[in-house]
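Below is one structure, written out as structure tokens; the observations come after it.
The values are calculated or read from the model by the stated rules, or taken from the named source; none is laboratory data. As the structure is a computational prediction, the values presented were derived from the model and not from experiment. Here Cβ is always computed from backbone atoms with ideal geometry, including for glycine, and neighbour counts include all displayed protein chains.
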Amino acid sequence: MKKAMITGVYDTDVGALPGSSCMALHAEAALGALADAGLTKADIDGVLCAYSFTEPHLMLSSVFCEYMNIQPKFNAAIEVGGATACVMVMQAAALVESGMCKHVLVVTGDNRMTGMPKGGAVATLAKVGHAQFEHPYGMSVPAAYALVAQNYMHEYGVTSEHLASIAVTAREYAIMNSKAHRKEPITINDVVNSRIIASPLHVMDCCLISDGGAAIVVSAADAAADRPKKAIEIMGTGQGHTHEHIMAAPSLVDFGCKSAARNAFERAGITAKDVDVAEIYDSFTITLLVELESIGFFEKGEAGPACLDGALKLGGKLPCNTHGGLMSYAHSGAAGGMFHVVEAVRQLRREATGRQVEDSEIAFVHGDGGILSAHCSIILGRQ
């Protein structure tokens with residue numbers, strides 16, 4: 001079986017980008033990733049896209065190929081919420097490992113901040129609740145994650161300060177990243193005193209809404225050898241799915257990230273202890289804390305105190321979301337998850353100026369869609 005390698009990455013500017021559009025962000029990200037890989041549109045024989053709130057086409061990938069004048073052998077749009085970017089990388093790897101494609105362009109982007117009315121993205125996301133058993137009772141995405149947080153606090157003694165430390169660490173990384181959406185310093189007191197969205201989650205426990213796009217190129221190993229940048233191996237991937245609606249979740253402390261990570265680690269032939277840097281989906285502070293424990297980086301009840309003690313910072317046990325994550329770098333729909341992939345590649349290439357994890361060899365990336373519903377883990381290695 002052929003190895004799959006990431007040969008090109010790119011992310012656009014993020015934040016408020018007036019005049020941007022979904023397709024324009026896709027195009028910029030795609031052309032940037034192609035240039036990074038030393039390829040042209042003519043080299044691409046596979047294309048994967050995600051979804052868009054501002055341009056909700058049923059066949060977004062076909063619309064993108066038409067926009068870019070690309071005629072690939074394989075073309076598909078994938079929609080798995082926040083897990084989409086990682087699932088797309090997993091699919092791209094399968095395409096090149098099978099020999100079906102040589103170079104797969106994986107592209108995401110949306111202008112949720114300036115391309116929708118105020119509150120539009122939140123209103124759209126509110127529709128993920130079950131129409132019969134959740135919507136009538138006011139269930140929202142923040143409320144569902146708050147339910148998980150309340151239970152976790154009861155079961156394991158997690159505090160608001162533990163959660164706040166995750167937001168503060170993300171902001172500290174963002175300050176090191178000139179492209180980040182939010183770079184104003186914050187403290188734990190700022191977080192715990194910010195407006196309550198759904199108790200115990202404050203507004204600073206929540207991710208951003210941003211404009212932006214990101215893309216990567218996944219290539220067969222034999223086609224990656226002569227690329228201008230260091231090619232990064234996709235060592236292992238895995239998925240885990242336990243439910244869609246929070247009311248149907250079999251557990252409020254263990255989720256599909258557990259099996260997704262286990263499968264990825266097994267395929268890569270490594271364990272969580274071998275990971276040098278992690279880029280993990282952080283739609284809310286509780287999202288990251290739960291995933292850190294379910295994945296196996298920390299035992300139950302240990303992640304909160306460890307985060308408060310600096311475990312996720314440079315030099316800590318597990319440098320995590322080194323670009324600033326969804327909490328402070330940017331969240332642009334499916335591109336939010338792709339920003340994690342791009343950052344992992346840059347860490348392994350030793351290109352993360354100002355926030356570089358020293359001698360990083362192995363990166364772990366994880367995406368989470370829905371209410372901790374759909375999960376996909378990726379292990380990347382510097383070979």
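In summary, no strands (runs of 3 or more DSSP E) completely within segment 266-383 bear 3 or more residues that are within 18 Å of residue 180 (Cα to Cα), outside the structural domain of residue 108 (by TED's automatic domain parsing) and charged (D, E, K, R).
If you take the residues of segment 125-145 that are of a type outside the set (S, T, N, Q) and touching a strand residue (DSSP E or B) at 6+ places or on another chain (Cβ under 8 Å), which of them is modelled with the highest pLDDT? The qualifying residue modelled with the highest pLDDT is 145. State whether one or more residues within segment 193-200 are within 25 Å of residue 139 (Cβ to Cβ), free of Cβ contacts under 8 Å to residues at least 24 places away in the same chain and in a strand (DSSP E or B). There is at least one residue in segment 193-200 that is within 25 Å of residue 139 (Cβ to Cβ), free of Cβ contacts under 8 Å to residues at least 24 places away in the same chain and in a strand (DSSP E or B). When segment 211-244 is filtered for residues that are assigned to a strand (DSSP E or B) and hydrophobic (A, V, I, L, M, F, W, C), the ones remaining, listed by number, are 214, 215, 216, 217, 218, 220, 232, 234, 235. Looking at 344, 278, just one residue is crowded, with 18+ Cβ neighbours inside 10 Å and in contact with a helix residue (DSSP H, G or I) (Cβ under 9 Å, 6 or more places away or on another chain), and that residue is 278. A count restricted to segment 12-32 and to residues that are under 19 Å from residue 177 (Cβ atoms) and in contact with a Phe, Trp or Tyr (Cβ under 6 Å, 6 or more places away or on another chain) stands at 2. Scanning segment 304-323 for residues that are in contact with a strand residue (DSSP E or B) (Cβ under 6 Å, 6 or more places away or on another chain) and surrounded by fewer than 24 Cβ atoms within 10 Å (Cβ to Cβ) turns up just one, 318. Does residue 143 meet the test of being crowded, with 22+ Cβ neighbours inside 10 Å and part of a helix (DSSP H, G or I)? So residue 143 does not fit the description; no. Checking each residue in segment 187-246 for being surrounded by fewer than 19 Cβ atoms within 10 Å (Cβ to Cβ), closer than 30 Å to residue 40 by Cβ, in contact with a Lys or Arg (Cβ under 9 Å, 6 or more places away or on another chain) and hydrophobic (A, V, I, L, M, F, W, C) picks out only 221. The residues of segment 168-192 that are of a type in the set (Gly, Ala, Ser) and either assigned by TED's automatic domain parsing to the domain that holds residue 104 or part of a helix (DSSP H, G or I) (or both), listed by number, are 170, 174. Number of residues in segment 94-124 that are crowded, with 24+ Cβ neighbours inside 10 Å, more than 17 Å from residue 30 (Cβ to Cβ) and at pLDDT 95 or above equals 1. Residues of segment 35-83 that are in a helix (DSSP H, G or I) and in contact with a strand residue (DSSP E or B) (Cβ under 6 Å, 6 or more places away or on another chain): 36, 37, 43, 60, 61, 64, 65.
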